[in-house]
Number of protein chains: 2
Amino acid sequence: MGKFYQKLNARFRSTESSLCIGLDPHPAYFLKEKYPKSEHPYLAFCRELIDATAEFACAFKFQFACFGSRGMEDDLEFAVHYARSNHPDIPVILDSKRGDIDSTAAQYAEEAFTRYGVDGLTVNPYLGSDSIDVFAGYSDCGVIILCRTSNPSSAELQELKCGDMMLFEHVAHLAASKWNKNNNVSLVMGATHPESLSRVRQIVGNMPFLVPGIGAQGGKLKSVMEHGLTESGDGLLINVSRSIVEAGWRGDLDFDFQAVHDAARHYSGLIKSTKSELS
Amino acid sequence: MGKFYQKLNARFRSTESSLCIGLDPHPAYFLKEKYPKSEHPYLAFCRELIDATAEFACAFKFQFACFGSRGMEDDLEFAVHYARSNHPDIPVILDSKRGDIDSTAAQYAEEAFTRYGVDGLTVNPYLGSDSIDVFAGYSDCGVIILCRTSNPSSAELQELKCGDMMLFEHVAHLAASKWNKNNNVSLVMGATHPESLSRVRQIVGNMPFLVPGIGAQGGKLKSVMEHGLTESGDGLLINVSRSIVEAGWRGDLDFDFQAVHDAARHYSGLIKSTKSELS
């Protein structure tokens, strides 16, 4: 098992939960108040989010688009560095869903693992093995491949029946049989399709899943766990982004990081209690 | 037809060709010589590439990964601005293959069309309609969806047989039937699979294709044109990146932009003469 998953598993044990904190710094939350005075407003906001949630975080996941849309890549770089320096036990994922031919993928791998220095990266499988292998060659890092996404129209392609499997099952099969030579591959499995988690769990064995879609997107935690946990009761990294970050938003008042802390505690506890209930 | 394709078609007519200049500023080409002294080395290099090739360019395509891997997003922004200001007739494409759920796609659309200010963007279809519609809502801009990519392992998913069509044909069908409400969608169709171009041309009618894979990747121009041209002899934007930019590379000597100019002239002429031969 690669270093990324060793770090993640250690964190599962120490928090007794499996919550991933999704860091989506939408400017509406913070640009109107104290941060515009900062030279690095996104960094300043993320630092407080990180510190408010670290106690409950098995991983941090940064949404690239929030930074890229506003030219805030430097803030992303500094925020990743801040998280890794101040909370070195917590792996950091960059959610940027990269996918390109091999020579270009090599540059995206450099972007994620060298420039930003994250531990894990989300990757799109549409181009096949040569677009994945470059990332998976970084054996200490996690490569998290889109399999079944949480959005309403994901079925259009992902549920197409290709022979005796649906497309997302083919992706799972390729991930387990070809792409995981370094034991550092996992899958994005949206919480909004719990039945898909069982099907993919059968294909990939104990491979970890990153599960978005709990909270704002409506996925049901208990159902996800029933369908997705491994036999030993592991294998799910449950991501919550908006429902934790938005908890601190108070309109025109100052952002409330205590409320963010409480929301992270709530979701971490919910994961823990749901797991106990099922075991 | 959206503004992007009006601009592109006007350029097809004025150049009598259909060459897209792929701007992939690999640092090996230039970082050792005069550009490190510049505060914006990627911008300085791209400006010279742009001016050396503009005469023959129907479009410029910037490869995001070259900039993202080195923290050079500001240079990308300035280089796009330079191209649009100095060569306003030539549409600019950002090749970053974005694809995410709708709320995130909205931020990627902002990144491409507002921050960088490009005319067109490449997009990955794996997440389906709600990941495409946000981009296609920018009706003046081109949305260029990955259909059949040029890389060796593209067949792994893209040629899976789903019912009576292969996956890439499903993508083509969705592009023509659901995603093109604003007449601003086109497809990436790799030159390395010319037979796929005929199949997709039958599905999508006159929809334009961006065709990578000529040159370094080995795609054959004549075969691409036989299979991919529309009945009126249009519909193909032929991208050449490495074979044009690398033409100027002289190892330890100064980069030779005249050679880049000549390579662009060569490919533009080749497209023109091949088209004549076939008509």
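The values are calculated or read from the model by the stated rules, or taken from the named source; none is laboratory data. Since this is a predicted model, take the numbers as computed values, not measurements. Here the Cβ is made from the backbone with ideal geometry for all residues, glycine too, and neighbour counts use every protein chain on show.
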Looking at the range A:1-31, which of the residues that are in contact with a Gly (Cβ under 9 Å, 6 or more places away or on another chain) and among the polar types (S, T, N, Q) is surrounded by the fewest Cβ atoms within 10 Å (Cβ to Cβ)? A:Ser17
When residues of the range A:37-60 are limited to those that are over 30 Å from A:Lys272 (Cβ atoms) and part of a helix (DSSP H, G or I), the one farthest from the chain's Cα centre (by Cα): A:Lys37
Take A:Val118 and tell me if it is more than 7 Å from chain B (Cβ to nearest Cβ), modelled with pLDDT of 95 or more, touching a strand residue (DSSP E or B) at 6+ places or on another chain (Cβ under 8 Å) and in a loop (DSSP other than H, G, I, E, B). yes
With respect to B:Cys46, determine if the residue is away from every other protein chain (no Cβ under 14 Å), in contact with a helix residue (DSSP H, G or I) (Cβ under 8 Å, 6 or more places away or on another chain) and within 30 Å of A:Glu159 (Cα to Cα). no
Pull out all pairs, ordered by first then second residue, where Cβ-Cβ is under 8 Å, the residues are six or more apart or on different chains, the first lies in the range A:87-111 and is without any contact (Cβ under 8 Å) to a residue 60 or more places away in the chain and more than 8 Å from every other protein chain (Cβ to nearest Cβ), and the second is among the basic types (Lys, Arg) and surrounded by fewer than 24 Cβ atoms within 10 Å (Cβ to Cβ). A:Val92/A:Arg84
Just checking, does the range A:147-169 include any residue being away from every other protein chain (no Cβ under 12 Å) and either in contact with a Leu (Cβ under 9 Å, 6 or more places away or on another chain) or in contact (Cβ under 8 Å) with a residue 60 or more places away in the chain (or both)? no
Restricting the range B:121-138 to residues that are at the interface with chain A (Cβ under 7 Å from one of its Cβ atoms) and either of a type in the set (Gly, Ala, Ser) or out of contact with any Gly (no Cβ under 8 Å at 6 or more places or on another chain) (or both), the one nearest to B:His81 (Cα to Cα) turns out to be B:Ser131
Residue count for the range B:61-86, restricted to those that are assigned to a helix (DSSP H, G or I) and either farther than 18 Å from B:Leu43 by Cβ or facing chain A (nearest Cβ under 8 Å) (or both): 6
When A:Phe135 is evaluated against the numbered criteria (1) within 28 Å of A:Val200 (Cβ to Cβ); (2) surrounded by fewer than 24 Cβ atoms within 10 Å (Cβ to Cβ), which criterion, by number, is the only one it fails? (2)
I'd like to check something: does the range B:81-95 contain any residue that is within 22 Å of A:Cys147 (Cα to Cα) and touching a Gly at 6+ places or on another chain (Cβ under 7 Å)? no
Would you say B:Cys58 is touching a strand residue (DSSP E or B) at 6+ places or on another chain (Cβ under 7 Å), among the hydrophobic types (A, V, I, L, M, F, W, C) and within 13 Å of chain A (Cβ to nearest Cβ)? no
Give me a count of the residues in the range A:228-279 that are on the phi < 0 side of the Ramachandran plot and in a loop (DSSP other than H, G, I, E, B). 14
Considering the range A:178-192 alone, what residues qualify as being surrounded by fewer than 19 Cβ atoms within 10 Å (Cβ to Cβ) and either in contact with a strand residue (DSSP E or B) (Cβ under 8 Å, 6 or more places away or on another chain) or away from chain B (no Cβ under 11 Å) (or both)? A:Lys181, A:Asn182, A:Asn183
